[in-house]
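What follows is one structure encoded as structure tokens, with my remarks underneath.
The values are calculated or read from the model by the stated rules, or taken from the named source; none is laboratory data. What you are looking at is a predicted structure, and each value in this text was computed from that prediction instead of being measured. Virtual Cβ from ideal backbone geometry, glycine too; neighbours counted across all protein chains shown. All accessible areas refer to the heavy atoms of the entire protein, side chains included, with ligands and DNA or RNA removed. Shrake-Rupley method; radii C 1.70, N 1.55, O 1.52, S 1.80 Å.
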Amino acid sequence: MSESRYERGLEMLRRIDGSDGEAVAASLQDIAPDFATYLIEFPFGDIYSRPGLDLRSREIAVVAALTALGTAQPQLKVHIGAALNVGCSREEILEIIMMMAVYAGFPAALNGIAAAREVFAAHSAE
């Protein structure tokens, strides 16, 4: 029997985000349980599970994209933690965020650096 999209996504989510990702999905259960399922199946079960990029490269792309958006601080924090989990160093994460000043502006990069500061502090406390 083949693995379902949900099972594959949940396993990938655990590999990338640990308990942080599961907490995001769990937080939706009382208000939007279908959306929690979509969150696990599509990005993690379908996209993250594809061959072609390793998890480290995928998280570099996500940190850059979320920084550039400038409006996704909670998601950026989760993915900064994920980038650390899959092998990115703090220095690499900061370089990724600083690169976004060129393409998304200084306010977006400053917000990203503030998010990184919080995540790094939380990881140091653990």
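Mind checking which residues of segment 111-120 are open to solvent by less than 60 Å² (accessible area, probe 1.4 Å), of a type outside the set (V, I, T) and under 13 Å from L84 (Cβ atoms)?
Of everything in segment 111-120, those that are open to solvent by less than 60 Å² (accessible area, probe 1.4 Å), of a type outside the set (V, I, T) and under 13 Å from L84 (Cβ atoms) turn out to be A115, A116, F120.
May I ask you to verify whether S57 is among the hydroxyl-bearing types (S, T, Y), in contact with a Lys or Arg (Cβ under 6 Å, 6 or more places away or on another chain) and closer than 18 Å to M12 by Cβ?
It is false that S57 is among the hydroxyl-bearing types (S, T, Y), in contact with a Lys or Arg (Cβ under 6 Å, 6 or more places away or on another chain) and closer than 18 Å to M12 by Cβ.
Filter segment 15-38 down to the residues that are modelled with pLDDT of 90 or more and within 20 Å of L53 (Cβ to Cβ) and list them by number.
Those that are modelled with pLDDT of 90 or more and within 20 Å of L53 (Cβ to Cβ): R15, I16.
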